[in-house]
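The values are calculated or read from the model by the stated rules, or taken from the named source; none is laboratory data. Computed from a predicted structure; not experimentally measured. Glycine also receives a Cβ, built like all others from the backbone with ideal geometry; neighbour counts cover every protein chain displayed.
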Number of protein chains: 2
Amino acid sequence: MTRLNDNFLKLRAGYLFPEIARRVEAFSVAHPQLAPRIVRAGIGDVTEPLPAVAISALHRAVDDLGRRETFHGYGPPTGLLSVRQAIAEGDFRSRGIAVDDDEIFLSDGSKPDCSAVLEILGCGNTVAVTDPVYPVYVDTNVMAGNTGAARAEGGYEGIVAIPTSAATAFAAEPPEQRVDVVYLCSPNNPTGTVLSRAALERWVEWARRHESIILFDAAYEAFIRDGSLPRSIFEIAGARECAMEFRSFSKNGGFTGLRCGYTVLPKSLQARAADGSRHALHALWTRRWSTCSNGVSYPVQRAAESLYTAPGRAQTRQLIDFYLGNAALLLAACEGLGMRAFGGVNAPYVWVECPAGVSSWQAFDALLTQGQLVVTPGAGFGRCGEGYFRISAFNSRANAEEAGRRLAVLTAATAATR
Amino acid sequence: MTRLNDNFLKLRAGYLFPEIARRVEAFSVAHPQLAPRIVRAGIGDVTEPLPAVAISALHRAVDDLGRRETFHGYGPPTGLLSVRQAIAEGDFRSRGIAVDDDEIFLSDGSKPDCSAVLEILGCGNTVAVTDPVYPVYVDTNVMAGNTGAARAEGGYEGIVAIPTSAATAFAAEPPEQRVDVVYLCSPNNPTGTVLSRAALERWVEWARRHESIILFDAAYEAFIRDGSLPRSIFEIAGARECAMEFRSFSKNGGFTGLRCGYTVLPKSLQARAADGSRHALHALWTRRWSTCSNGVSYPVQRAAESLYTAPGRAQTRQLIDFYLGNAALLLAACEGLGMRAFGGVNAPYVWVECPAGVSSWQAFDALLTQGQLVVTPGAGFGRCGEGYFRISAFNSRANAEEAGRRLAVLTAATAATR
């Protein structure tokens with residue numbers, strides 16, 4: 001009989017967000033009168049309409065597809081040249097960062113990219129993640145066979161978890177040991193922590209010394225407003241030899257439903273074959289895209305391109321300003337309630353400490369059942385996430401304000417049990 | 001140093017279509033005065049505008065994204081329920097084929113699906129392909145580690161090639177030996193052969209006997225106009241226990257630039273774990289989509305859905321009629337020139353025998369340099385493709401007619417050398 005990929009059987013039941021959806025659904029069914037009151041601040045999903053430039057670009061591109069003279073069929077697997085140019089120029093070269101057009105690879109989002117990159121890396125590399133962590137990094141490595149079995153206490157055998165804690169505001173430092181691949185996310189999902197230039201320099205120095213590769217997830221870079229903080233790992237000297245970067249239009253352009261992102265893979269990034277020879281990963285990534293994809297939807301690419309025009313920049317900035325306003329408001333609400341919170345500045349996530357003795361799933365359940373507020377329990381992001389929960393600033397202003405108020409059920413519940 | 005996926009290094013240089021593009025580009029640069037004359041009938045890419053229903057659906061969906069009240073962010077990873085319903089009902093249940101809504105998985109195309117399916121299958125399964133074959137099946141298996149090294153005479157160690165030939169009009173029969181996974185494509189790319197109901201019954205019986213899995217690529221099913229020919233493998237009793245099907249909107253809806261397809265994975269399809277236990281692949285495929293994807297672009301899903309309305313059906317039928325008209329015309333041209341040809345009926349590809357003693361790349365070069373006609377050389381599809389070339393009916397009527405005329409350079413050249 002045909003063999004299945006046994007690694008899937010190692011996965012713990014339920015990816016985090018489906019489990020949250022299940023609990024919310026169960027609550028709604030049990031309490032239909034409260035269901036309409038639910039405020040969702042769990043998944044980091046945008047709520048505001050697409051920027052006007054993107055809407056216009058989409059309509060124009062759709063019209064292109066409706067006329068024989070302007071019709072577009074298969075595009076280049078790695079993206080339209082003009083779009084790659086707009087990105088390389090707009091996000092990098094105009095900011096003094098050397099990135100070639102053909103080092104940009106368009107995709108239908110960062111989540112697929114995080115998974116696909118494992119196709120070009122060898123099975124058996126030692127992989128490190130910071131803890132707490134976006135679960136996709138871990139689960140895709142489980143599926144790809146880079147881990148052992150699930151551990152009773154959380155995590156998987158063979159994956160190196162780099163613990164972070166409130167003591168360092170959840171900023172990760174390079175581990176003592178050598179690992180082959182490390183995922184860094186800054187601004188961080190879920191903690192909202194942004195790595196400083198000095199911290200990123202230590203990471204790059206460490207990766208070059210160990211000949212490791214940093215997979216740098218910059219999906220939230222647009223939220224960085226502090227000019228001293230790096231928005232790309234390629235702002236750090238030497239990163240072109242040790243890093244690959246993941247970018248998304250999901251948050252800056254509101255493209256979560258439209259689907260577009262990109263990776264930056266410098267031609268100078270190498271890895272080793274079994275015989276010890278060194279090869280540019282760029283060639284493998286290009287081949288991967290040629291063989292496994294026909295590129296991103298044409299109208300979606302045109303929409304992404306439109307964000308790089310002057311009005312596009314202004315409109316995305318406005319969108320980000322709006323969500324940053326929500327984040328500030330949530331952070332203030334936490335402070336007002338005497339709750340300790342991280343992130344929320346230069347980042348769309350607020351990372352809140354649970355009241356003493358309350359676990360993150362208990363906090364989740366209390367907020368859902370008593371406050372009809374959906375957050376993301378920190379334990380879903382790893383062992384170091386226990387005792388915290390994430391609130392997303394991706395919401396309407398009214399919902400963000402309401403979420404801020406409803407957090408009070410947690411402090412009230414704690415006070416009541418005293 | 002980080003290890004790369006060594007399997008990529010086994011791949012022969014250049015996927016077929018980039019190699020064709022390279023030669024066409026080189027010719028255009030060398031002969032700029034002839035470049036505008038080039039007629040492309042190589043890649044199977046549509047040329048006609050999208051159906052009007054799809055254009056309207058796209059515009060409406062874009063407007064949805066422009067307003068807060070109708071905005072859509074992340075969708076379900078396997079597709080909007082209403083779209084899955086429209087597909088299951090429209091393509092299957094209305095034709096008497098039992099397929100549940102949740103057995104439909106939307107994707108951004110068949111090419112990505114063909115690659116992604118290997119993620120849920122175990123590494124080391126014995127894989128068979130028919131020869132000639134769509135190169136993506138082979139190359140993705142090389143990348144996934146299911147093959148050995150490239151063979152000097154073509155193909156890769158460890159992949160079973162099931163030869164087909166003119167003697168059976170390129171219809172494949174089940175092999176003697178047991179294999180774990182077999183790819184079948186009907187209507188076939190590149191030969192245009194459609195498997196009969198009796199042939200598919202033999203395949204299903206064979207797969208059930210060996211507990212093998214058939215990956216059935218039905219991307220071109222819309223071209224089948226002969227009611228006696230099966231358009232889905234699930235028309236065959238027992239297929240739900242041994243098959244998975246790949247479908248695409250690229251050809252019936254002209255979505256090559258828009259990107260949408262789907263897989264059908266019955267909940268009754270099982271595979272074996274290392275410990276011998278049997279598991280439904282449906283659960284693994286669902287998990288794969290939840291973890292690695294955020295679904296298909298919202299406007300694109302709405303466009304796919306629109307094809308199932310009454311006007312949508314009429315408009316796609318008209319599109320297919322148009323391309324079938326091109327195919328008939330190309331087939332007639334071959335016959336007029338005394339060239340032996342296959343396919344072109346119930347299929348968008350015409351598979352043409354090269355003149356005696358002319359290899360498929362020689363025919364390609366002759367047609368390009370003397371006739372400025374781009375076809376696809378059969379050798380690019382496998383050893384049994386040598387001595388043939390594929391002409392695509394995806395073209396404007398004028399180009400299809402012109403392609404038919406220009407084929408004459410081959411017979412003229414052959415006559416001249418006699």
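Name every residue in segment A:302-319 that is surrounded by fewer than 18 Cβ atoms within 10 Å (Cβ to Cβ) and in a helix (DSSP H, G or I), in order of residue number.
First, pick out the residues of segment A:302-319 that are surrounded by fewer than 18 Cβ atoms within 10 Å (Cβ to Cβ): A:309-311, A:313-314, A:317-318.
Selection gives A:310, A:311, A:313, A:314, A:317, A:318.
Residues that are in contact (Cβ under 8 Å) with a residue 40 or more places away in the chain: which strands (runs of 3 or more DSSP E) entirely in segment A:233-296 hold 3 or more of them?
Result: A:243-248, A:261-264.
Select, from B:178, B:208, the only residue that is modelled with pLDDT under 95 and within 13 Å of chain A (Cβ to nearest Cβ).
Working: B:208 fails: modelled with pLDDT under 95.
Testing whether each residue is modelled with pLDDT under 95 and within 13 Å of chain A (Cβ to nearest Cβ) leaves just B:178.
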Can we say residue A:139 is among the acidic types (Asp, Glu), surrounded by 22 or more Cβ atoms within 10 Å (Cβ to Cβ), out of contact with any Pro (no Cβ under 7 Å at 6 or more places or on another chain) and under 23 Å from residue A:4 (Cβ atoms)? yes
Let me spell it out: the conditions are (1) surrounded by 18 or more Cβ atoms within 10 Å (Cβ to Cβ); (2) closer than 21 Å to residue B:1 by Cα, and residue A:126 meets all of them except one. Which number is the exception? (1)
Given the conditions (1) away from chain A (no Cβ under 14 Å); (2) within 30 Å of residue B:305 (Cβ to Cβ), which single one is not true for residue B:131? (2)
Boolean, residue A:61 is aliphatic (A, V, I, L, M), under 24 Å from the mean Cα position of the chain (by Cα) and assigned by TED's automatic domain parsing to the domain that holds residue A:260: no
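This table checks each residue for (1) more than 14 Å from every other protein chain (Cβ to nearest Cβ); (2) surrounded by fewer than 21 Cβ atoms within 10 Å (Cβ to Cβ); (3) within 18 Å of the chain's Cα centre (by Cα); (4) modelled with pLDDT of 95 or more.
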position	(1), (2), (3), (4)
A:349	yes, no, yes, yes
A:354	yes, no, no, yes
A:391	yes, no, yes, yes
A:404	yes, no, no, yes
A:415	yes, yes, no, no
Of the conditions (1) over 21 Å from residue A:114 (Cα atoms); (2) under 21 Å from the mean Cα position of the chain (by Cα), residue A:204 fails just one. Which one is it? (1)
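Name the residues in segment B:73-117 that are more than 11 Å from residue B:262 (Cα to Cα) and of a type in the set (Gly, Ala, Ser), would you? Step through it out loud before you land on a result.
So in segment B:73-117, the residues more than 11 Å from residue B:262 (Cα to Cα) come out as B:73-77, B:80-82, B:85-86, B:89-102, B:115-117.
Result: B:73, B:75, B:82, B:86, B:90, B:94, B:96, B:98, B:115, B:116.
Assess whether residue A:366 counts as being surrounded by fewer than 22 Cβ atoms within 10 Å (Cβ to Cβ), among the small types (Gly, Ala, Ser), in contact with a helix residue (DSSP H, G or I) (Cβ under 7 Å, 6 or more places away or on another chain) and modelled with pLDDT under 95.
Working: surrounded by fewer than 22 Cβ atoms within 10 Å (Cβ to Cβ): yes; among the small types (Gly, Ala, Ser): yes; in contact with a helix residue (DSSP H, G or I) (Cβ under 7 Å, 6 or more places away or on another chain): yes; modelled with pLDDT under 95: no.
Answer is no for this residue.
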With the requirement that a residue be within 14 Å of chain B (Cβ to nearest Cβ), over 16 Å from residue A:90 (Cα atoms) and modelled with pLDDT of 95 or more, what does segment A:240-259 give you? A:241, A:242, A:243, A:244, A:250, A:254, A:255, A:256, A:257, A:258, A:259
Lone qualifier among A:378, A:371, A:387 - being under 25 Å from the mean Cα position of the chain (by Cα) and surrounded by 22 or more Cβ atoms within 10 Å (Cβ to Cβ): A:378
Determine whether segment A:215-229 contains at least one residue that is touching a residue at least 60 places away in the same chain (Cβ under 8 Å), over 26 Å from residue A:86 (Cβ atoms) and within 14 Å of chain B (Cβ to nearest Cβ). no
Hey, residue B:174 assigned by TED's automatic domain parsing to the domain that holds residue B:219, without any contact (Cβ under 8 Å) to a residue 40 or more places away in the chain and assigned to a loop (DSSP other than H, G, I, E, B) or not: yes
Looking only at segment B:44-87, and only at residues there that are surrounded by fewer than 18 Cβ atoms within 10 Å (Cβ to Cβ) and of a type in the set (A, V, I, L, M), the one that is farthest from the other protein chains (Cβ to nearest Cβ): B:81
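If a residue has to be in contact (Cβ under 8 Å) with a residue 12 or more places away in the chain and assigned to a loop (DSSP other than H, G, I, E, B) to count, how many in segment A:140-171 make the cut? Can you show your working first?
To start, the set of residues in segment A:140-171 that are in contact (Cβ under 8 Å) with a residue 12 or more places away in the chain comprises A:140-150, A:153-156, A:158-166, A:169-171.
Subsequent filtering for residues that are assigned to a loop (DSSP other than H, G, I, E, B) retains A:144-149, A:153-155, A:158, A:164-165, A:169-171.
Matching residues across segment A:140-171 total 15.
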Going through segment A:260-283 one residue at a time, which ones are under 29 Å from residue B:300 (Cα atoms) and within 9 Å of chain B (Cβ to nearest Cβ)? A:260
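Looking only at segment A:105-139, which residues are of a type in the set (S, T, N, Q), farther than 19 Å from residue A:212 by Cα and assigned to a helix (DSSP H, G or I)?
Step one: list which residues in segment A:105-139 are of a type in the set (S, T, N, Q), which gives A:107, A:110, A:115, A:125-126, A:130.
Checking the rest, the ones that are also farther than 19 Å from residue A:212 by Cα come to A:107, A:110.
Residue satisfying the conditions is A:110 alone.
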